[in-house]
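See below for the structure under consideration.
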Amino acid sequence: MRAAAALLARDLRIATRAGGSAVLALAFFAAVVTLLPFGIGSDPKLLARVAGGVIWVAAVLANLLGLDRLFQADYEDGNLDLLALSPLGFEGIAAAKIVAHWLITGLPLTVIAPLLALLLNLPPSAYPALLLSLLIGTPAVSALGSAAAALTLSIRRGGLLLPLLLLPLLAPVVIFGAGAVLAQVDRVENGAIWFLAAISAVTILLSPFVTAAALRLNLSD
Amino acid sequence: MRGGRPVFRDVNFRVGRGEALVVEGPNGSGKTSLLRLVAGLLAPAAGAISFSGIADREERGNSVGWLGHHDGAKPQLSPREMLLFFAQLCGGARESIPSLLQLVGLSRAADLPCQYLSAGQKRRLALARLKLCGRPLWLLDEPLAALDAQGKSLLLDLLREHLAAGSIALIATHELLGLQTQRLQLT
Amino acid sequence: MLAYANPQRFMELSHRVLPWLCGATAVLFAVGLYLSVTVPPDYQQGETVRIMFVHVPAAWVAMMAYGFMALASLIGLVNRHPLADVAAKEAAPLGALFTAMALITGSLWGRPMWGTYWVWDGRLTSFLLLFFLYLGYIALWNAIENEVRAARAAAVLALIGAVNLPIIEFSVQWWTTLHQGESIFRSGGPLISAVFLWPLFIMAVAYTLLFFTLLIVRIRTEILERRTRSAALGSSS
Amino acid sequence: MHAIIGIGKYAAFIWPAYGISAIGIIGAVALTMLAYYRAKRQSPK
């Protein structure tokens, strides 16, 4: 466990240093949300309807930014070999990387989402749902994303492939995430938050093993 | 196997305690692949490899000190932070870090982010990491690359000390090491 | 070497099977097409029901192809079966083609009823996502140079996709009922009276046989190409 | 054969649907055969 904590701490330190991807994802998230009213107009009622969905889609896209370097950086500079030879094991590497990616990208997005929701005139009743759905949903995005990142490890421009691979897999998370927010905008109970929680739980539990399998196949040939 | 064709076949060797084996051969003859096989990073198409009785590939990795072409220095982190990380990762002795940095001549640049270090300095940092983790089986892939004369002698001292302690080393290199070692020629 | 032994057996086996398969596919297509054009129009949907005879079979093969791909990927991954990897690789473009045809014929079928070419209906949306799953799989195959690694990476992706398909299907159904009430586009449901079942069934079998015929030919092509490549590699090194 | 003539006003959707299916299937068959014979020609005997 100590080795996993070491890897996590190292990744957090790298990400927060200059050139880390932490700030980059936040800036992209804010940019997409701010850009939207220019596209669909500033009518408050319309914005209120789409706010949850826009924030969720922007959050997912922002998450993808930091993903392609998640493993590739260590793969290219020889660290992945060293990690593979450490007592950590591939499952441990995968788990540490998923948590690191969530702490670097997923959590900050969740924290600043309410601020951006103000821009989109999200009704006050929906803020708790927005925070809760992002809090539950972003780990699943990090988990699925890290599996895809491990798969595209040995591809030079693998990052371009990630959105395509992840689109169908992330659809349920976005559907239930945005659905949960919309439920509170309309003050109706549609159970979206529970489905989101179920999907997140399954995804988070399975993805370290899938990611480890992907790392193994990319390293051992 | 690479691209469906065997890189080398029927290669057998046995290395005892305190011995070193130099792997020679033209580029592409599979020197790196052999080292990765022994380290357990690669799965052999046929044949078996065991180190002091451990046959399982990933378990064997825990006793391997690896020095590959890349020396794994993170640009944003300083040498001290790198060594701290590796100490935590493979259970090395933290308190020995200052003396290690001194040994490899990085004490002045200890807190400088690695992006400012020269290739030789990064290589010596990797040597410090190798000694820090103290693994019994060293696998060195072209270790003398990017090392100046002083760096070479440092490597040889570490190697002699490592072998004297009864550990084993496999070295893929073209240059003469000045050590009496077994030789394995890959065609 | 395993890699070459059993593809040889496959080549001989498929050589004998192919003529029969092609014959059966052609006959079934002829019968199916004739029936689907001459069957009296449906009292409810009028003539548009005929599109069903090309939409439902394409949709069925699109899903079946992904199942086949996931199964072949599993076999390829678990016991390193090179032929299974090739089968999965060659199934993907066919699956994508049938999914695209299902999408296009589906929207054409919906057009008279809804007045627009695309409706975010549960079934069509699932097929759109399935189409992206195929594209992702094919893109991953082509992006990795090392053949063995590409096969394994794509196999893992196919299995991730297969595990996620029910979740995607459920979430899309939930999502459409949220927005638009029960979807009226109940193709292949109890509405179908018996007289339509025959052409539909024959066309479905014809499409399935076509898929496997094309698949076998494409596998043979891949095996021949690999032989040419390794012969060229062998002679030059 | 009155059915074919009597397709009537929906013809604008039925024929394109059949047309696209035909293009898809014939196209796939053609491409597959083409690649097969090219591979057969090049492969060593």
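None of the figures in this text is laboratory data; all of them are computed from the coordinates on show. No experiment lies behind these values; they were computed from the predicted model shown. Cβ coordinates were reconstructed from backbone atoms using ideal geometry, including for glycine residues, and neighbour counts include every protein chain displayed.
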Over the stretch C:12-62, the set of residues crowded, with 16+ Cβ neighbours inside 10 Å, polar (S, T, N, Q) and over 23 Å from the mean Cα position of the chain (by Cα) is C:GLN45, C:THR48
task: Go through the residues of the stretch A:92-105 one by one and say whether even a single one is closer than 27 Å to B:TRP138 by Cβ and either surrounded by fewer than 22 Cβ atoms within 10 Å (Cβ to Cβ) or acidic (Asp, Glu) (or both).
output: yes
Checked the stretch C:67-85 for anything in contact with a Gly (Cβ under 9 Å, 6 or more places away or on another chain) and buried (at least 24 other Cβ atoms within 10 Å of the Cβ); matches are C:MET69, C:ASP85
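Within the stretch B:86-108, identify whether any single residue is basic (Lys, Arg) and either away from every other protein chain (no Cβ under 14 Å) or in contact with a Cys (Cβ under 6 Å, 6 or more places away or on another chain) (or both), and answer yes or no.
So in the stretch B:86-108, the residues basic (Lys, Arg) come out as B:94, B:108.
Checking the rest, the ones that are also either away from every other protein chain (no Cβ under 14 Å) or in contact with a Cys (Cβ under 6 Å, 6 or more places away or on another chain) (or both) come to B:108.
Scanning the stretch B:86-108, I find at least one residue that is basic (Lys, Arg) and either away from every other protein chain (no Cβ under 14 Å) or in contact with a Cys (Cβ under 6 Å, 6 or more places away or on another chain) (or both), so the answer is yes.
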Only one of C:TYR117, C:TYR134 is in contact (Cβ under 8 Å) with a residue 60 or more places away in the chain and either within 21 Å of C:TRP60 (Cβ to Cβ) or in contact with a Gly (Cβ under 8 Å, 6 or more places away or on another chain) (or both), namely C:TYR134
### Query
Is there a residue in the stretch B:40-50 that is in a helix (DSSP H, G or I), free of Cβ contacts under 8 Å to residues at least 60 places away in the same chain and over 27 Å from B:LEU176 (Cβ atoms)?
no
Reported set for the stretch C:156-173 where residues are more than 7 Å from every other protein chain (Cβ to nearest Cβ) and among the polar types (S, T, N, Q) is C:GLN173
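Looking at the stretch B:96-106, is at least one residue over 23 Å from B:LEU154 (Cβ atoms) and surrounded by fewer than 21 Cβ atoms within 10 Å (Cβ to Cβ)?
Restricting attention to the stretch B:96-106, the residues satisfying the condition of being over 23 Å from B:LEU154 (Cβ atoms) are none.
No, that holds for no residue.
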A:LEU103 fails exactly one of (1) part of a loop (DSSP other than H, G, I, E, B); (2) within 12 Å of the chain's Cα centre (by Cα), namely (1)
Residues of the stretch A:8-49 being surrounded by 19 or more Cβ atoms within 10 Å (Cβ to Cβ) and closer than 17 Å to B:PRO75 by Cβ, in sequence order, are A:ARG10, A:ASP11, A:ILE14, A:ALA15, A:SER21
The condition of being in contact (Cβ under 8 Å) with a residue 24 or more places away in the chain and farther than 23 Å from C:ILE223 by Cβ holds, among C:ALA96, C:ALA62, only for C:ALA62
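Yes/no per residue for (1) more than 30 Å from C:GLN8 (Cβ to Cβ); (2) in a helix (DSSP H, G or I):
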| position | (1), (2) |
| --- | --- |
| C:VAL37 | yes, yes |
| C:PHE68 | no, yes |
| C:LEU71 | no, yes |
| C:GLY76 | no, yes |
| C:ALA87 | no, yes |
| C:ALA91 | no, yes |
| C:THR116 | yes, no |
| C:PHE131 | yes, yes |
Selection over the stretch A:75-86 where residues are more than 8 Å from chain B (Cβ to nearest Cβ) and free of Cβ contacts under 8 Å to residues at least 12 places away in the same chain yields a count of 0
Within the stretch A:102-144, the residues that are in contact with a Gly (Cβ under 8 Å, 6 or more places away or on another chain) and among the polar types (S, T, N, Q) are A:THR105, A:SER133, A:THR138, A:SER142
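Looking at B:GLN115, B:GLN88, B:GLN102, B:GLN76, can you tell me which residue is without any contact (Cβ under 8 Å) to a residue 24 or more places away in the chain and within 23 Å of A:GLN72 (Cα to Cα)? Working first, answer last.
Details: B:GLN115 fails: without any contact (Cβ under 8 Å) to a residue 24 or more places away in the chain; B:GLN102 fails: within 23 Å of A:GLN72 (Cα to Cα); B:GLN76 fails: without any contact (Cβ under 8 Å) to a residue 24 or more places away in the chain.
Answer to the check: B:GLN88.
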Is there a residue in the stretch A:23-30 that is under 21 Å from A:LEU135 (Cβ atoms), aromatic (Phe, Trp, Tyr) and either touching a helix residue (DSSP H, G or I) at 6+ places or on another chain (Cβ under 8 Å) or within 14 Å of chain B (Cβ to nearest Cβ) (or both)?
-> yes
B:LEU179 passes all but one of the listed conditions (1) over 24 Å from B:LEU34 (Cα atoms); (2) out of contact with any Pro (no Cβ under 7 Å at 6 or more places or on another chain); the exception is number (1)
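Could you list all residues from the stretch B:37-69 that are within 8 Å of another protein chain (Cβ to nearest Cβ) and within 13 Å of B:PHE8 (Cβ to Cβ)?
Going through the stretch B:37-69, the residues within 8 Å of another protein chain (Cβ to nearest Cβ) turn out to be B:39-43, B:58, B:61-62, B:64, B:66, B:68-69.
Of everything in the stretch B:37-69, just one residue is within 8 Å of another protein chain (Cβ to nearest Cβ) and within 13 Å of B:PHE8 (Cβ to Cβ), namely B:LEU42.
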Quick count over the stretch C:133-155, residues being surrounded by 21 or more Cβ atoms within 10 Å (Cβ to Cβ), within 7 Å of chain A (Cβ to nearest Cβ) and of a type outside the set (A, V, I, L, M), is 2
Scanning the stretch A:175-198 residue by residue, the ones that are of a type in the set (Val, Ile, Thr) and facing chain C (nearest Cβ under 8 Å) total 1
So, first residue more than 13 Å from chain B (Cβ to nearest Cβ) in the stretch A:88-105, second residue assigned to a helix (DSSP H, G or I) and of a type in the set (Phe, Trp, Tyr), Cβ within less than 7 Å, six or more apart or across chains; the pairs are A:LYS97/A:PHE71
Output for Cβ contacts, cut-off 7 Å, separation at least six or different chains, first residue over 22 Å from C:GLY76 (Cβ atoms) in the stretch C:159-175, second among the polar types (S, T, N, Q), reads C:ILE168/C:SER126; C:GLU169/C:SER126; C:VAL172/C:THR125; C:VAL172/C:SER126
Exception for B:CYS133 within (1) more than 24 Å from B:ALA93 (Cα to Cα); (2) in contact with a Cys (Cβ under 6 Å, 6 or more places away or on another chain) falls at (1)
